Amino acid sequence: MFFNSLSFAIFLPIVFLFYWFIFAKNKTTQNAVLIVASYYFYSCWDWRFLFLLVFSTLLDYFSAIMMENSTTDKKRKLWLWLTIGINLGFLGVFKYYDFFAQSFADLLQGFGFHTNPVLLKLILPVGISFYTFHGLSYVIDIYYKRITAERNFIDYSLFVSYFPLLVAGPIERATHLLPQVKVKRHFDLEKAKEGVYQIIWGLVKKVVIADSCATYANAVFDHYESMNSLSLALGAVYFAFQIYGDFSGYSDIALGTSKLFGIDLLKNFNYPYFSRDIAEFWRRWHISLSSWFRDYLYIPLGGSQGGMWMKVRNTFIIFLVSGFWHGANWTYIVWGLINAIYFLPLLLQNKNRSNMGEIVMGWDIGSLKTILNILGTFALSTLAWIFFRAKSLTEAIGYLQRMFTDFHFESQYLNNERYNFELLLLVFVFVGVEWFNRSKVEPLSGKASWIKVTLAIMALLALGVYSDYKEFIYFQF
Amino acid sequence: MKVFFLFVGKIMVVLLLSAFALDLGYSYVYSKSTTRNKIENILNGEPKEFDVIMLGSSRANNHFVPQLFIEKGLKAYNYGMSGSRLQESALVLQLMLSKKYDIKNIILEVDLNINTEGYSDGTRARFMPYLKSNETVANYYGEIIPEFQSLYYLPFYRYIQYDSQIGFREMVFAAIHKSSASVLNEGFYALQGEGLNMQYDLTKYTPKKNKDYELIKKLCNNNGINLIVVSTPMCEHVKGINYFEAIKNVYPEVHNYENVVTEDKYFSTCGHMNEAGARVFTAKIIEDFFPTKAK
């Protein structure tokens, strides 16, 4: 059940009515409705993987209590590592086993040993990377005594399985979400309206921007050998907007949906393509994952406490792990590596936190510099996306090589029966709308909201891509 | 909560009104367009008289050269459409008859399209703007499309369902009367190049009785139109070439022209001749079926 499907459009109002009218008595009944809805939602993807969700919930719930009840640090550590081991074990088997087996076989082949690795070829359970990290943050927080273990199983189950965030995040924190599910929610009109605006804008990002860009990006990437430099550059730009529209659109719908139930989720995107350097980009892109890696990997590894060498080492580790988190393919690892390399000069010059404030524009040289920095950062991230989108490293390198050596910049008719430049106007309009609303969560609320909502709905109807349906990219992770 | 329901209700009203407005706008634009494809050319243009027209898929569209008929003094037009099946060809013929076209001969390409009673999404999409305004289109699809009610009654749904063919981009082109290559050259679209993808496997296909073909036959019979049914050439590297003879077992009236052009230089791809091949093939058709008509 996709967020942009008819079935979700039926499912959501039904859950809403049950939640606010039939089971609104107390927080337990409210939570119970959301748990049932969440399990139904997940079973619509593949009911066979419900056991993984239940197992993950039980494991983290009981381990946390055992950890808290432990009288010695040794026992606490044992419970922590046992839970981490089992959680990552599941993730490893389902997501990474085949990759490691094949890579090992390829390595042996390089030394002249021929092997036939046993590959499991398992279907990746949807959302496994998200709810695994979600649960891990909880047990790690318990271990470090940042929070106390949740004893109410219903509340904890909802924390893990809450359907708006179940399949593709945001990766929540117990400190943020659990307190909200532990109290009865009262209907808040303004919050619910914000939620509706955010859902509509999320749909625009997904159906109008991401899916339109996808038809062009696919046409270029799938036939990159016959594309000229202009098409390849535009293909990369289209993919940059595809993945942004797709994932931030999904996040907007998730956050908006959750607001309808009176629950706030963590912000996942903050206009990342308006970043002035790569460090800022990573503070604005997939924020819940970036901050997860910062809090649960970078800082435990020593963070920036152990001098420059330690900082550089830890930065490379989190970028590589972040890349690998996305998928079992060398392309993701190299994508992570490239971003680490982009980050390095800022780190060495201690400039990685120099663009923390809001972007303020005026008619001066400083503003021009800001615009150039934004364009430069966008160009760098777009080049890195080529590795993220390519099916293999060979394809990514071939793509880049051709882009920088072909030197033909004429318009080209693509496989999707469109010219390579045709979508640029839509992309520019989208960038303009985002730019002028960058201080807001979404551009529809505020003054003249009905006009803006009407335009958004008309854009959805007239410019949306429906016949060539595309799943949300991050569902595969 | 009441205020919220009112808010959501207003959004629903905006959605519905927007869909109505867009439906009206798009349908109006498509009702005035004649330059984008052959279907709107028939529906929105004046009725015409033809000595001969061609119907079928891309293997008609790329293979019959109307200009050669015209040079012989025959009024001709190629109504073949890339991707279309006999289901769409039958509807094109029905539309022409309903518009009182005067047609003496039809050359119908029947070969690869006879093995299923399927339809072409891409060609079907071109009829959709006229679903509500044209009774022939409505009646035809009313009987064969399972989701006809949704397409007919839900405002703008048909434009969403077929957005890549009749969506915003195509509507804009229709509004500014941008010409499409499909209606130029009397409907003939010449392919260039030679010798690409010169393999084809026909072993998985079996010609069968086809109700759409039967309908075309019936329409021609009822309207006094001479129907000439031909199979068109494929390259020599086809696996299961006896498929063409098998067509004759099902429909003996089909003339097998599969092997009248064989050299690779006449083929753009194995299933489609280039312009030179199309001219050789059309000349042969004219020689066999229209030998006496002089300029």
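For chain A, the membrane-span-like helix rule (DSSP H, alpha carbon extent of at least 30 Å along the helix axis, mean Kyte-Doolittle at least 0.5) picks out A:229-260, A:365-389; this says nothing about an actual membrane.
Entry note, chain B: the mean residue ellipticity at 222 nm calculated from DSSP H runs of n ≥ 4, each adding -39500 (n - 2.57), is -13500 deg cm²/dmol after division by the residues and rounding to the nearest 500. Gyration tensor analysis over the Cα atoms of region A:382-477 returns equivalent ellipsoid semi-axes of 32, 17, 16 Å (largest first, whole Å). Distance between the C-alpha centres of region B:10-76 and region B:133-154: 18 Å, rounded to the whole angstrom. A straight Cα-to-Cα reach below 26 Å connects B:LYS10 with the lysines A:LYS191, A:LYS193, A:LYS205, A:LYS206, A:LYS259, A:LYS440, A:LYS447, A:LYS452, B:LYS2, residues fewer than 8 places away in its own chain not being considered.
Straight Cα distances below 19 angstrom link B:LYS211 to the aspartates and glutamates B:GLU88, B:GLU109, B:ASP111, B:GLU117, B:ASP121, B:GLU143, B:GLU253, with same-chain residues fewer than 8 positions distant left out.
Each part reduced to its alpha carbon centroid, region A:18-33 and region B:183-234 end up 63 Å apart.
Ratio of alpha-carbon Rg to the 2.2 N^0.38 Å globular estimate for chain A, to two decimals, please. Rg over 2.2 N^0.38 Å, computed on Cα atoms: 1.00.
A simple charge model with +1 on the Cβ of Lys and Arg, -1 on the Cβ of Asp and Glu and nothing else charged puts the dipole of chain A at about 1520 debye relative to its Cα centre.
Evaluating kT/(6 pi eta Rh) at 10 °C and 1.306 mPa s, with the Kirkwood radius of region A:6-186 over Cα pairs in the Stokes-Einstein relation, gives 88 µm² s⁻¹.
Considering only B:PHE281, B:PHE50, B:PHE69, the Gaussian network model of chain B with Cα springs below 10 Å gives its largest mean-square fluctuation to B:PHE50. Considering only A:ASN270, A:ILE457, A:THR331, and ranking their Cα positions along the charge dipole of the protein assembly as shown that arises from unit charges at the beta-carbon of Lys, Arg, Asp and Glu, the one farthest toward the positive end is A:ASN270. Computed on region B:194-295, with alpha-carbon pairs under 8 angstrom and 6+ residues apart, the relative contact order is 35 percent. Each Lys and Arg Cβ is given +1 and each Asp and Glu Cβ -1; about its Cα centre, region B:2-289 then shows a dipole of about 940 debye. Only helices enter this figure: runs of n ≥ 4 DSSP H residues, each worth -39500 (n - 2.57), summed and divided by the residues of chain A, yield -20500 deg cm²/dmol at 222 nm to the nearest 500. Contact order for chain B, expressed relative to its length and based on alpha carbon pairs under 8 Å spaced 6+ residues apart, stands at 24 percent.
For chain B, the longest principal axis of the Cα atoms and the long axis of helix B:135-144 meet at an angle of about 80 degrees.
Using Cβ point charges alone (K and R +1, D and E -1), the dipole size of region A:1-160 about the Cα centre works out to roughly 360 debye.
Quick one: compute a quarter of the convex hull surface over the Cα atoms of region A:265-375 and quote it in nm². The partial results should precede the final answer.
Working: hull surface 31.3 nm².
Value for region A:265-375: 7.8 nm².
Over chain A, Cα pairs under 8 Å with separation of 6+ residues give a relative contact order of 19 percent. The protection proxy used here, the mean number of other Cβ atoms lying within 10 Å of each residue, ranks peptides A:333-344, A:179-190 as follows, highest first: A:333-344, A:179-190. Compactness ratio for chain B: Cα radius of gyration over 2.2 N^0.38 Å (N = residue count) comes to 1.11.
If the limit is 20 Å between Cα atoms, which of A:LYS27/A:LYS267; B:LYS38/B:LYS100; B:LYS48/B:LYS104 go over it? Going by Cα-Cα distance, A:LYS27/A:LYS267 fall outside the 20 Å limit. Between the alpha-carbon centres of region B:246-295 and region A:321-350 there is a gap of 60 Å. Averaged over the residues of peptide A:455-462, the number of Cβ atoms from other protein chains lying within 10 Å of each residue's Cβ is 6.
Farthest towards the positive end of the charge dipole of chain B, among the residues B:ASN113, B:GLN149, B:MET96, is the Cα of B:GLN149, using unit charges on the Cβ of Lys, Arg, Asp and Glu. Over all distinct Cα-Cα pairs of region B:1-122, the Kirkwood formula returns a hydrodynamic radius of 17.0 Å.
The aspartates and glutamates within cross-link reach of A:LYS369, meaning a Cα-to-Cα straight distance under 19 Å and a gap of 8 or more places when in the same chain, are A:ASP277, A:GLU280, A:GLU358.
Every number here is computed from the coordinates shown, using simple stated rules; none is lab data. These numbers were taken from a predicted model, which means no experiment stands behind them. Ideal geometry is used to build each Cβ from the backbone, glycine not excepted, and the neighbour counts take in all protein chains shown.
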